[in-house]
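Presented below is the structure to which this report refers.
The values are calculated or read from the model by the stated rules, or taken from the named source; none is laboratory data. No experiment lies behind these values; they were computed from the predicted model shown. Here the Cβ positions follow ideal geometry from the backbone for every residue, glycine too, while neighbour counts run over all protein chains shown. What goes into the accessible areas is simple: the full protein's heavy atoms, side chains included, and nothing from ligands, DNA or RNA. Shrake-Rupley method; radii C 1.70, N 1.55, O 1.52, S 1.80 Å.
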Amino acid sequence: MEHITTAPSTDERLDLDSYREALNNARRDVANRFREGVPASDLVHESAHFIDTLLAKAWRAHGLPPDTDLALVAVGGYGRGELHPGSDIDILILVEKPRSVRARIQSYVTFLWDIGLEIGHSVRSVKDCVRESRQDITVATNLMEARLVAGDARLFERMRRATSADKLWSSRQFFEAKWAEQRARHYKFHDTAYNLEPNVKEGPGGLRDIQMIGWVAKRHFGAETLHDLVTHGFLTESEYGSLIEGQSFLWQVRFALHVLTGRREDRLLFDHQRTLAAEFGYSDDDANLAVEKFMKRYYRTIMDLSRLNEMLLELFQEAILHADAPRTVTPINRRFQSVNGFVEVTSEDIFKRYPFALLEVFLIVQQHDDLKGVRASTIRLIRDHRHLIDDKFRADIRARSLFMEIFKQPNRIARELRRMHRYGVLERYLPVFGAVVGQMQYDLFHTYTVDEHSLFVVQNIRAFASPERSRATPRCAEIFARVPKPHLLYIAGLFHDIAKGRGGDHSELGMTLAMEFCIDHGLGQYDARLVAWLVRHHLTMSLTAQRRDITDPDVIKDFAETVGDQNHLDYLLLLTVADVRGTNPALWNDWKATLLDDLYESTTHALWRGLENPIDRAELIAETQEEARRLLEGSDGLGRAVAELWAGLGDDYFLRHTADEIAWHTHAIVTAPAQELPLVLVRQGRGGTEVFAYAPDQEFLFAASTSVLGRLGLNIVDARIITADNGMTLDSYVVFELDGTPVSGDAREREISNAMREALADPRSARRDNRRLPKRQLRHFQTPTRVHFSDDSRNGRTVMEVVARDRPGLLSAVGWALADCKVRLQNAKIATFGERAEDVFFVTDAGNRPLAPESFETIRERVAAAIDSANGAS
């Protein structure tokens, strides 16, 4: 601590400049020494000591009494003697007679702010402290960590005695309140530590969880340090070492964040992850980015801390909440018994004598409704015996049978797999799973690490069997009820991303790993091939729905040939939905559900007809028109007008719209007065909000439409552009508000309709700019713009695929570039994967013919330039 300047001046004068200079010098010194390699675990204490000296000197300089009726007390993290560069400095000014010193106290606090300290302060009497502590557990916790900095030591001790555990907040009450506080805090972070931008302090497994352990230990045992938990038998020396090692790493990360940002910043944002990865010595390689390696270490650290936190909380429950409860023991088998509703080994050498019991314990909890969990002493024994899970263990038929039996149980599959993960057993038994523990993907699409995501997928599959949890996916619930072997689906869910981080195609590599697992665990050839096939194709259905024109019968035929039969289709839909819902909480919506439902229905129909007998276009058009006529039967006197309209629309229109959409469009068009053109309709449908425009065909319609929809703050997820034989264009869009919800309210629908009509009346004059700013996180991802062309000769058009960094107005920029190149758009599939836009455009030339190959380079340059210019402007 001698490295930090400890005095602003040689006397007690209130020289603001002197204090400011001392403070700034100390901050620079701390930052420099941290960069030179001095550990944060040293610097946080040195910083607190320096602030002690500074505050005490200013206290004396303000004439505040050194030993009578007034005390300066450090509380919170400062009270523990831990200060990071951006930490608040929380102080309590303890007073006996507040009125007599009020002016000097106010002057003192103002002075501290003036010299550049961020002070959190309160002025209280001992009686105030008792009252506030009784009402607020946070106040009680802060005072429990109080430390005298200057002033009356006797007054300080009176406060400590008055707020002690024997006066208020008994050990039991304190533990219950802090435990509830932790559960509420974890809930804010979706009960997972594996968020893309985790909070180092408040998130699950973070520094606050370590502090929670310390607070309970201090309240119940009077422990002054975490090492005292070893003395009391709650931690082993090895566990204590792991706890301190984890705390030291998180301190390093938090300290680095504060130094980097120059302020209190406890969120590990994308803005900082790459920089910190470099500072911590990580570099890119062929398989993983430096930032992915750094974050993997971070996630593994908080996972280990979460495991220790859970075990200690179980021990605290037994010692504090259930210490006086009568011990009710119920035998389960020779190896396990129930003690007050928690499973326990019958002797401490069970796992040594029967290693397979390391898996059996999870099956027992799964099978017994009356069991609430595992006793903390047994959790520790599991942790201590994980080393027994080796190759010999994995080859043991008893272990393999037990593991498979967990998948075959009717309930609690995901819960017990998570418990196995928390106790460190799952990755020991499945080393391939251990390889993806903490494996992040540096993008905005994958919210969770690979291990957490995989367990969410299993959880989502299991939810299909729950009437309450499956309400958002009724079709999946219906299909799940008829799949013959659900356990195959759970295995596929656990293995679908198992090969990520290895380089190469993770679906191909994962298929091999899944096949090996299934054969090793006794599955028959058909079942093993089904699981491997699901892993290989777990992205196929989603990509087909989002990137291909699923109104095209040939696309459906190709996909039907891939799945082969209804059984494979059923399993694949369930895995696809569970995967999408487990990737990102904001990713799933009614639009995604509609896309997959449509693909599932069309493929089911194709399989029913037989792959050797695909439906042809004329037959499909006739079926669609017949259904649309039935929907229009209540509209008297429109038969001739409908026939005349349909005769001029062309086949593409009927191939690419449902009967319900055709009936909606048709009724509006034939009943609208001619002067109402362009006609714009808005309604709820297709999983979002449908916007339909009917207008005379002319250049720039698509560009103008996407521009106005973008300026209205709408996100376009689908576009279908039909140029009819009658010289009109029929354009359909599915849009959402920026928060992912459909448009709601008549006023908002009128706003959209009026803005679209105005733009389509003179599309050349529509504004090309987009005033919306991109999300903060997008700045940290560089996705090179790529434009690729391919032939779609079956449909007489060209496919243009665009990959670029997502941004507001991207679709509009592409639209204007295509219009400038005299390229006509027929259809667009809009897909966004986090920061990446992967859009597919089906285009023709001005004569509705496929683009000439010699025009590709010019169009590619214009489109790429428009996108890059827009990205640069954002």
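Taking every alpha-carbon pair under 8 Å whose residues sit at least 6 apart, segment 332-435 reaches a relative contact order of 27 percent. Modelled spin labels at Ser122 and Glu245, positioned 7 Å past Cα toward Cβ, are 3.8 nm from each other.
Under the criterion of Cα pairs below 8 Å and six or more residues apart, the relative contact order for the chain equals 6 percent. Of the residues Thr723, Ile413, Ile364, the one whose Cα sits farthest toward the positive end of the charge dipole of the chain, with +1 on the Cβ of Lys and Arg and -1 on the Cβ of Asp and Glu, is Ile364.
Could you sort out which of Lys167/Lys218; Lys188/Lys500; Lys352/Lys408; Lys57/Lys97 sit more than 24 Å apart by Cα distance in this structure? Cα-Cα > 24 Å for Lys188/Lys500; Lys352/Lys408; rest within. Taking 0.36 nm per residue of separation and subtracting the Cα-Cα distance, full extension of the segment from Asp554 to Leu321 would add 77.3 nm.
Membrane-span-like helices in the chain: DSSP H runs reaching 20 Å or more (Cα, own axis), mean Kyte hydropathy at least -0.5?
Values: long enough: 16-35 (29 Å, -1.28); 40-61 (31 Å, 0.15); 98-114 (23 Å, -0.31); 171-188 (26 Å, -1.69); 207-221 (21 Å, -0.06); 237-261 (36 Å, 0.17); 290-316 (39 Å, -0.08); 506-520 (21 Å, 0.49); 566-583 (25 Å, 0.24); 590-609 (28 Å, -0.64); 617-631 (21 Å, -0.95); 746-761 (22 Å, -0.90); 856-873 (25 Å, 0.01).
Those that pass (Cα extent of 20 Å or more, hydropathy at least -0.5) are 40-61, 98-114, 207-221, 237-261, 290-316, 506-520, 566-583, 856-873.
From the alpha carbon centroid of segment 321-343 to that of segment 455-497 is 33 Å.
Of all alpha-carbon pairs in the chain, indicate the percentage at a distance above 45 angstrom. In whole percent, the long-distance tail amounts to 43. Of all aspartates and glutamates in the structure, those lying under 13 Å Cα to Cα from Lys557, and not within fewer than 8 positions of it along the same chain, are Asp549, Asp565, Glu601, Glu612, Asp616. Gain on full extension, evaluated as 0.36 nm per residue between Glu516 and Glu751 minus their Cα-Cα distance, stands at 78.8 nm. Estimated translational diffusion coefficient (Stokes-Einstein, Kirkwood radius over Cα pairs, 10 °C, 1.306 mPa s) of segment 218-345: 89 µm² per second.
Ranking His227, Gly341, Leu494 by Cα position along the charge dipole of the chain, where only Lys, Arg, Asp and Glu carry charges on their C-beta atoms, puts His227 farthest toward the positive end.
Calculate the dipole size of the chain relative to its Cα centre from +1 charges on Lys and Arg beta carbons and -1 charges on Asp and Glu beta carbons; express the result in debye to the nearest 20. Walk me through the numbers before you get to the answer.
Working: 111 positive and 127 negative charges, 548 e Å.
That gives the chain a dipole magnitude of about 2640 debye.
Heavy atoms of the protein chains alone define the surface here; on that basis segment 242-395 has 43 Å² accessible area per residue at 1.4 Å probe size.
In this Cβ point-charge picture (+1 for Lys and Arg, -1 for Asp and Glu), segment 437-589 has a dipole of about 380 debye about its Cα centre.
Express in nm, to one decimal, how much length is gained between Ala103 and Leu738 on full extension, taking 0.36 nm for each residue of separation and deducting their alpha carbon distance.
Values: separation 635, 0.36 × 635 = 228.60 nm, distance 5.18 nm.
Gain on extension, Ala103 to Leu738, equals 223.4 nm.
Would you work out what percent of the accessible area of the chain, with all protein chains in place, is carbon or sulfur (probe 1.4 Å)?
Percent of accessible area from carbon and sulfur atoms in the chain: 49.
Let me check against my output: what whole-number percent is the relative contact order of segment 415-553, with C-alpha pairs under 8 Å and at least 6 apart? Kindly include the intermediate steps, with their values, before the conclusion.
Numbers: 135 pairs, mean separation 23.8, N = 139.
Taking the mean separation of contacting Cα pairs over the length of segment 415-553, I get 17 percent.
Taking the Cα atoms of segment 492-588, the ratio Rg/Rh between the radius of gyration and the Kirkwood radius comes to 0.99. For segment 803-845, the percent of C-alpha pairs falling in each 10 Å distance bin, counted from 0 to the bin holding the largest distance, reads 28, 54, 17, 0.
Straight-line reach only, C-alpha to C-alpha below 19 angstrom: list the aspartates and glutamates that Lys178 could link to, leaving out same-chain residues fewer than 8 apart. Result set, ordered by chain and number: Glu132, Asp136, Glu145, Asp166, Asp191, Glu202, Asp209, Glu224, Glu310, Glu314, Glu318. Taking label points 7 Å from Cα along the Cα-to-Cβ direction, Gln698 and Arg154 give a separation of 9.3 nm.
Each part gets one Cα centre, and for segment 209-268 versus segment 552-611 those centres are 48 Å apart. The modelled label-to-label distance between Arg640 and Asp505, using points 7 Å beyond Cα along the C-beta direction, is 5.9 nm. Between amide H atoms placed 1.01 Å from N, distances below 5 Å from Leu851 occur with Thr798, Asp845, all of them 5 or more places distant or on a separate chain. What separates the Cα centres of segment 367-437 and segment 721-737 is a distance of 55 Å.
Rounded to the nearest 20, the Cβ-based charge dipole of segment 334-471 about its Cα centre (Lys and Arg +1, Asp and Glu -1) stands at 240 debye.
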